[in-house]
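J.: Got a structure here, written out as structure tokens. Questions coming.
The values are calculated or read from the model by the stated rules, or taken from the named source; none is laboratory data. Predicted, not measured: the structure shown is a model, and the values here were computed from it. All Cβ positions, glycine included, derive from the backbone under ideal geometry; neighbour counts span all protein chains shown.
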Amino acid sequence: MELVFLGTSAALPSQYRNHSSICLKAFGEVILFDCGEATQRQLTIAKISPMKINKIFLSHYHGDHVIGLPGLIQSMDFRSRTKPLHLYGPKGLNELKNAILHLGYCSIEFPIILHEIDPKEETIIFENEEYLIKGILTKHTVDNISYSIVEKKKPRFLKEKAIELGVKEGPNFGKLHRGKNVRVGEKIITPEEVLGPPREGIKISYSGDTRPDEKMVELSKNSDILIHEGTYEEKDKEKAEKSFHSTVKEGAEIAKQSNSKFLILTHFSTRYTKDENIEKEAKNVFKNTKIAYDFLTIDLSEIKKD
């Protein structure tokens, strides 16, 4: 499981930072959060195949978060993609799709499945056996969805206990681990007999673009990793307020209030060229802070629950 930061700049790209996009490689999938300009080039540099992307979650429709979509989708079609691509985002997703399909001369032959959402309250947007993704609208100049990805960790399978009860190694182990009863002779063995206590999986939260919001605090409660925007330094707080962004300090305060384990700040204005200043400002509030840069890769297997 890996997080790869493909772009970490705010409204404008710079020599060092591309527009916003984050890739999550987990659960046998490649999932994209936002898709700013030149995201497909960043994917190429990071050696991540766009053809493996199953889902793209868009926080909002400002250009620095979505303008990479037309090129990415057209390239997928050029490579003869056939499997569906699922797009998730706030109201206006259908209009965005139509704009993409009418940009230039293109014919998209694979299905693009839209999931338009309006989560005024914390809402489960996607769920399967391995993970779920929640979202909620937070404070920006347009509708912005902040997301939380929660891994469902199955209880540890007690192999020795199962063998002691007469269960032979093989398919019955898997059935019990999936919560199904198995028969051993005249006895029924239940999952509760061979499973340990519940384990918590990794939780990752992503703000998109937002002013500090209590909804974000609740959504990201007890996150292992909180990815929060830090567009401005505290000295430029007035600019943050006017543009409905967060300062570095405010992002750190959200991490502290939500009891997150680690904070990764991203989405920086091009006016700042020294990460040391940003890092110092954040760590004065929340020690476990990391400043994102393009192609920063986080190995999620190293993130452990306390």
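To keep it simple, each residue is scored yes or no on (1) in contact with a Leu (Cβ under 7 Å, 6 or more places away or on another chain); (2) of a type outside the set (D, E, K, R).
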site: E2; (1), (2): yes, no
site: F5; (1), (2): yes, yes
site: T8; (1), (2): no, yes
site: A11; (1), (2): no, yes
site: G28; (1), (2): no, yes
site: T39; (1), (2): yes, yes
site: S49; (1), (2): no, yes
site: K55; (1), (2): no, no
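J.: Answer yes or no: is there a residue in segment 51-66 that is polar (S, T, N, Q), closer than 22 Å to D118 by Cα and touching a residue at least 60 places away in the same chain (Cβ under 8 Å).
T.: The answer is yes, given that some residue of segment 51-66 is polar (S, T, N, Q), closer than 22 Å to D118 by Cα and touching a residue at least 60 places away in the same chain (Cβ under 8 Å).
J.: Can you tell which of L137, L176, L101 is in the same structural domain as I22 (by TED's automatic domain parsing), within 31 Å of the chain's Cα centre (by Cα) and in contact (Cβ under 8 Å) with a residue 12 or more places away in the chain?
T.: Sole residue among the options that is in the same structural domain as I22 (by TED's automatic domain parsing), within 31 Å of the chain's Cα centre (by Cα) and in contact (Cβ under 8 Å) with a residue 12 or more places away in the chain: L137.
J.: For segment 54-109, how many residues are over 23 Å from N128 (Cβ atoms) and part of a helix (DSSP H, G or I)?
T.: Residues meeting the conditions: 21.
J.: Just one of the numbered conditions (1) farther than 27 Å from F295 by Cα; (2) in a helix (DSSP H, G or I); (3) touching a residue at least 40 places away in the same chain (Cβ under 8 Å) is not true of Q42; which one?
T.: Failed condition: (1).
J.: Let me ask something additional. Do you know which of the residues in segment 231-281 that are among the hydroxyl-bearing types (S, T, Y) and over 20 Å from V217 (Cβ atoms) is surrounded by the fewest Cβ atoms within 10 Å (Cβ to Cβ)?
T.: Filtering first and then ranking leaves T273.
J.: Still on this structure: Counting just the residues of segment 19-39 that are outside any strand (DSSP E or B) and touching a strand residue (DSSP E or B) at 6+ places or on another chain (Cβ under 6 Å), which one comes out farthest from I73 (Cα to Cα)? If you could, list the steps in order and put the result at the bottom.
T.: Taking segment 19-39 first, the residues outside any strand (DSSP E or B) are 19-20, 27-28, 34-39.
Adding the requirement that they be touching a strand residue (DSSP E or B) at 6+ places or on another chain (Cβ under 6 Å) leaves 19-20, 27, 34-36, 39.
Details: H19: 17, S20: 17, F27: 22, D34: 13, C35: 11, G36: 13, T39: 11 Å.
Ranking the candidates gives F27 first.
J.: Could you identify the single residue in S223, S146, S243 that is closer than 20 Å to F57 by Cβ and either out of contact with any Lys or Arg (no Cβ under 6 Å at 6 or more places or on another chain) or free of Cβ contacts under 8 Å to residues at least 60 places away in the same chain (or both)?
T.: S146
J.: On to the next question. Considering segment 140-173 alone, what residues qualify as being at pLDDT below 85 and either closer than 16 Å to L87 by Cα or within 18 Å of the chain's Cα centre (by Cα) (or both)?
T.: If the condition is that a residue be at pLDDT below 85 and either closer than 16 Å to L87 by Cα or within 18 Å of the chain's Cα centre (by Cα) (or both), then K153 is the only one that fits.
J.: Would you please name the residue that is nearest to the chain's Cα centre (by Cα), looking only at residues in segment 110-123 that are hydrophobic (A, V, I, L, M, F, W, C) and part of a loop (DSSP other than H, G, I, E, B)?
T.: Taking the candidates together, the pick is I117.
J.: If you don't mind, there's one more thing I want to ask. Go through segment 203-214 residue by residue and tally those that are over 16 Å from the mean Cα position of the chain (by Cα) and over 14 Å from N259 (Cα atoms).
T.: 3
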